[in-house]
1. Over the range 56-134, what relative contact order in percent results from Cα pairs under 8 Å that are six or more residues apart?
2. What FRET efficiency do you get for Thr113 and Glu145 if R0 is 22 Å and r is their Cβ-Cβ distance, rounded to the nearest 0.05?
3. Listed highest first by mean packing, meaning other Cβ atoms within 10 Å per residue, what order do 64-77, 111-124, 37-50 come in?
4. Using a simple spin-label model with points 7 Å from Cα along the Cα→Cβ vector, what separation in nm is obtained for Glu163 and Asn101?
5. Among Asp153, Asp81, what's the order by accessible area (1.4 angstrom probe), most exposed first?
6. Quick one: if you stick a label point 7 Å off each Cα along the C-beta vector at Glu52 and Arg29, how many nm between them?
7. From the backbone phi of the range 140-155, what are the Karplus-calculated ³J(HN,Hα) couplings (6.51 cos²θ - 1.76 cosθ + 1.60, θ = phi - 60°) in whole Hz, Gly and Pro given as x?
8. Using a basic spin-label model with each label point 7 Å from the Cα along Cα→Cβ, how many nm lie between Thr84 and Gln155?
Amino acid sequence: MRVTAPPPRGAVAGMSPPRPSVLRSLNSRELSEVLFNNRSPRSVLPIWVDFEGRPRYYPVLQPRTGRIMHSYRGHLWLFRDAGTNDGLLVNQQELFVAAPNVNKADITLPVFTLKERCLQVVRSLVKPGDYRKLDIVRSLYEDLEDHPDIRKDLQRLSLEKSEMLNGILE
């Protein structure tokens with residue numbers, strides 16, 4: 001008699017287990033006109049996440065300015081500091097999802113931890129090749145070298161979304 005193990009949680013017998021989904025925009029034709037308001041003192045880089053989950057960069061928004069964007073329902077947007085690539089918030093969230101009933105996206109600075117803010121300042125004052133010349137704790141070298149990265153953030157957000165959905169479906 002042949003005994004087989006049960007399929008992994010969330011999988012159906014005979015099918016491979018679900019892979020983490022890639023965060024991507026919905027391909028919709030339902031227009032969503034949105035005012036992107038840069039309420040921060042920083043230059044902001046709007047980033048649309050395309051239908052394959054790739055970041056697409058849009059023209060920079062100067063501090064305290066706005067721009068009307070013609071987007072579509074289900075389109076995903078992230079916003080970054082154009083100079084440092086640090087993540088910014090939009091309507092108090094990391095990710096903006098365009099919808100016909102949402103007509104504004106207020107971009108603001110998050111509350112950075114003291115450590116995050118110190119790393120930002122050191123990165124602005126010291127060249128990356130000189131980080132290891134600083135007389136600091138060794139672990140901070142790695143933290144300094146781990147610059148903000150949109151692709152890492154998209155992977156993290158995809159994983160979080162996938163885990164959230166798996167939690168709901170279980």
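The values are calculated or read from the model by the stated rules, or taken from the named source; none is laboratory data. The model shown is predicted, which means the values in this text are computed figures rather than measured ones. Here the Cβ positions follow ideal geometry from the backbone for every residue, glycine too, while neighbour counts run over all protein chains shown. Heavy atoms of the whole protein, side chains included, go into the accessibility calculation; ligands, DNA and RNA do not. Shrake-Rupley method; radii C 1.70, N 1.55, O 1.52, S 1.80 Å.
1. On the way: 65 pairs, mean separation 17.3, N = 79.
Dividing the mean separation by the residue count of the range 56-134 yields 22 percent.
2. Values: r = 18 Å, r/R0 = 0.82.
The calculated FRET efficiency here is 0.75.
3. Values: 64-77: 16.7, 111-124: 12.5, 37-50: 19.0.
Sorting 64-77, 111-124, 37-50 by mean packing, highest first, produces 37-50, 64-77, 111-124.
4. Between Glu163 and Asn101, the simple spin-label model gives 3.0 nm.
5. On the way: Asp153 35, Asp81 10 Å².
Ranked list, largest accessible area first: Asp153, Asp81.
6. In this crude label model, Glu52 to Arg29 measures out at 2.4 nm.
7. Couplings: 6, 4, 5, 4, 5, 6, 8, 5, x, 9, 4, 5, 5, 5, 5, 4 Hz.
8. About 2.3 nm, to one decimal.
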